[in-house]
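The values are calculated or read from the model by the stated rules, or taken from the named source; none is laboratory data. Since this is a predicted model, take the numbers as computed values, not measurements. Here the Cβ positions follow ideal geometry from the backbone for every residue, glycine too, while neighbour counts run over all protein chains shown.
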Amino acid sequence: MIRQKLAEIDREDGLGQDGQSVVTLDQQAVGRLSRMDALQAQAMAKAQQVRRDAKRLALQSALERIGTDEFGWCEDCGEEIAVKRLEFDPSVTRCIACAAG
């Protein structure tokens with residue numbers, strides 16, 4: 001499941017590349033409001049890329065924890081993380097009680 005989620009992120013990276021491209025500032029070709037919309041869309045695409053990169057790192061870390069038998073155990077209290085929680089997000093590192101604070 002983790003590898004599948006990583007593959008999804010890779011696919012989304014390919015789709016997000018166009019949105020991050022440089023915005024043309026030629027006022028003859030694009031009006032001021034259209035350019036502002038394009039800049040906003042570019043900023044949102046870059047923010048999505050940052051979120052995908054963070055998720056990728058978290059999932060890769062989960063794969064490493066599987067190799068060291070630390071996967072599925074809370075990093076704070078040492079208790080087992082609920083299977084349903086891991087199924088929803090395999091990158092979690094804390095049980096629900098510790099995550100709630």
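Checking every residue in region 64-74 against the condition of being modelled with pLDDT of 95 or more and polar (S, T, N, Q) gives zero matches. Taken over region 29-66, the criterion of being more than 30 Å from V92 (Cα to Cα), assigned to a helix (DSSP H, G or I) and not small (G, A, S) is satisfied by R32, L33, R35, M36, D37, L39, Q40.
Filter region 67-85 down to the residues that are assigned to a helix (DSSP H, G or I) and surrounded by 13 or more Cβ atoms within 10 Å (Cβ to Cβ) and list them by number. Break it down into steps so the answer makes sense when it comes.
Within region 67-85, the first condition is being assigned to a helix (DSSP H, G or I), and the residues that meet it are 67, 83-85.
The answer is R85, and nothing else.
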